[in-house]
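Colleague: Let me give you the structure first, and then I'll get to my questions.
The values are calculated or read from the model by the stated rules, or taken from the named source; none is laboratory data. As the structure is a prediction and not an experimental result, all values here were calculated from the model. A quick note on method: Cβ atoms are made from the backbone with ideal geometry, for glycine too, and the neighbour counts reach across all protein chains shown.
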């Protein structure tokens, strides 16, 4: 019989702070991108790698991070992740070239991939004994994600405008050191025997990175060029190899039997398309504010705050209530439709536009759609998972969202560049490029709504086939946007 940790609520504070920081890492660099572009010599097309280097590595290694946490102890992997995060932050802050900056972001992604799954394991260890306490802990932990996204947008603007963009990374050093000192509050677990599917982790991460690399370079070399075709073939081979490894390895990262869970496939497809629509919108909207409307970094961050605040309010206080009344599927479909409508509205931006007319109302509609769809899609994907596979299902959903984000951003950046978004200083051309990206993202969101409507089972059907436990369902609230 396990004993109750008397310091569990203090420990939850450490874990929530970690979740806050991991999610903030995806948003804090947004408003700093134009300044980084000037200082480090990024081209307009290459600039996305500041974001993609993090999410590809983070998403590609999440399952490996969870496996390492199981084998070597969650507290040890959690602490290791923070050490790696600090190293990556120092490297990114000190970068004097684009390649070093990208390397630093990739190292940060490794740290995040170790921190996120180990934090979830530790949370379950601390509160799994009491379903009522677990629900409260999940709510607090889940609220840290949108809070981190909101803080990142604001702090990124503050640092870039009034100090310098490297402070977007320097901030992780003192916070990481304090977190490491507080890991003594977390429960310790002994290591256990087992193998690590390193080849599988390398294959899936390399395959995703090569696919994004090919799409990013396609506008320059041509979609039919030998280089692009070979890179895409190489990516496909690596991803097929990953699935072969999963089928033949005794202890794979992702046992293929997990896909028998009801709604895991349809939920992950919805999450992939949601990420592929939402992240490009956030990326290009920030560039429109700064490169077309002429906003400074702080003003741009402030302009994005209404959207992120709406997200935080809905995701922490309203969406769960709507889930209880309508179920997951209607919210996912409705959210993706709202996101598509908001993106279509944004596609009408003008070179001489204004924030109040061209940006604010459309961005709030899009944010409402994201807030309605994200948590229901996460919960739907895991609601049919048995207790022993809940962590794996959670890791898969987080992975597919990040993969969709990276591939969507790469594809839409390529499209926007061919439509004029690479012509810095040419406001009509830039606006045309950004508008094309918004339209394409709207199409992706609309496709996601249709696919979910046709492919996803209703909540009642899943409940009848495989009743969900409270704990797995709650885990959907832990991922950030």
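Colleague: Could you check region 223-238 and list, in sequence order, the residues that are modelled with pLDDT of 85 or more and closer than 15 Å to residue 418 by Cβ? Give the steps one after another, and end with the answer.
Modeller: Keep residues of region 223-238 that are modelled with pLDDT of 85 or more, which gives 224-238.
The answer is 224, 225, 228.
Colleague: Considering only residues that are without any contact (Cβ under 8 Å) to a residue 24 or more places away in the chain and touching a helix residue (DSSP H, G or I) at 6+ places or on another chain (Cβ under 9 Å), look in region 245-256 and name the one that is farthest from residue 404 (Cα to Cα).
Modeller: 247
Colleague: So is residue 37 closer than 22 Å to residue 169 by Cα, at pLDDT 90 or above and buried (at least 17 other Cβ atoms within 10 Å of the Cβ) or not?
Modeller: Judged against the criteria, residue 37 is a match.
Colleague: From the list 137, 151, 113, exactly one residue is surrounded by fewer than 23 Cβ atoms within 10 Å (Cβ to Cβ) and under 24 Å from the mean Cα position of the chain (by Cα). Which is it?
Modeller: 151
Colleague: May I ask you to verify whether residue 359 is out of contact with any strand residue (DSSP E or B) (no Cβ under 7 Å at 6 or more places or on another chain) and outside any loop (DSSP other than H, G, I, E, B)?
Modeller: So residue 359 fits the description; yes.
Colleague: Looking at region 272-355, what helices (runs of 4 or more DSSP H) fall wholly within it and have at least 3 residues that are farther than 23 Å from residue 443 by Cβ and in contact (Cβ under 8 Å) with a residue 40 or more places away in the chain?
Modeller: Details: elements: 297-313, 319-326, 328-346.
Result: 297-313, 319-326.
Colleague: When you go through (1) within 30 Å of residue 197 (Cα to Cα); (2) crowded, with 24+ Cβ neighbours inside 10 Å one by one for residue 30, which number turns out not to apply?
Modeller: Unmet for residue 30, out of (1) within 30 Å of residue 197 (Cα to Cα); (2) crowded, with 24+ Cβ neighbours inside 10 Å: (1).
Colleague: Within the group 55, 50, which residue is more than 30 Å from residue 251 (Cα to Cα), assigned to a helix (DSSP H, G or I) and not assigned by TED's automatic domain parsing to the domain that holds residue 217?
Modeller: 50
Colleague: Just a yes or no: is a residue in region 235-247 under 24 Å from residue 46 (Cβ atoms) and in a loop (DSSP other than H, G, I, E, B)? Talk me through it step by step, then tell me what you get.
Modeller: Filtering region 235-247 for residues under 24 Å from residue 46 (Cβ atoms) gives 235-236, 238-239.
After this cut, where a residue has to be in a loop (DSSP other than H, G, I, E, B) as well, the list is none.
Looking through region 235-247, none of the residues is under 24 Å from residue 46 (Cβ atoms) and in a loop (DSSP other than H, G, I, E, B).
Colleague: Can I ask one more? Looking only at region 399-452, how many residues end up being at positive phi and either assigned to a helix (DSSP H, G or I) or crowded, with 24+ Cβ neighbours inside 10 Å (or both)?
Modeller: Total meeting the criteria: 1.
Colleague: Looking at (1) within 15 Å of residue 172 (Cα to Cα); (2) assigned to a loop (DSSP other than H, G, I, E, B), find the lone condition where residue 25 falls short.
Modeller: (2)
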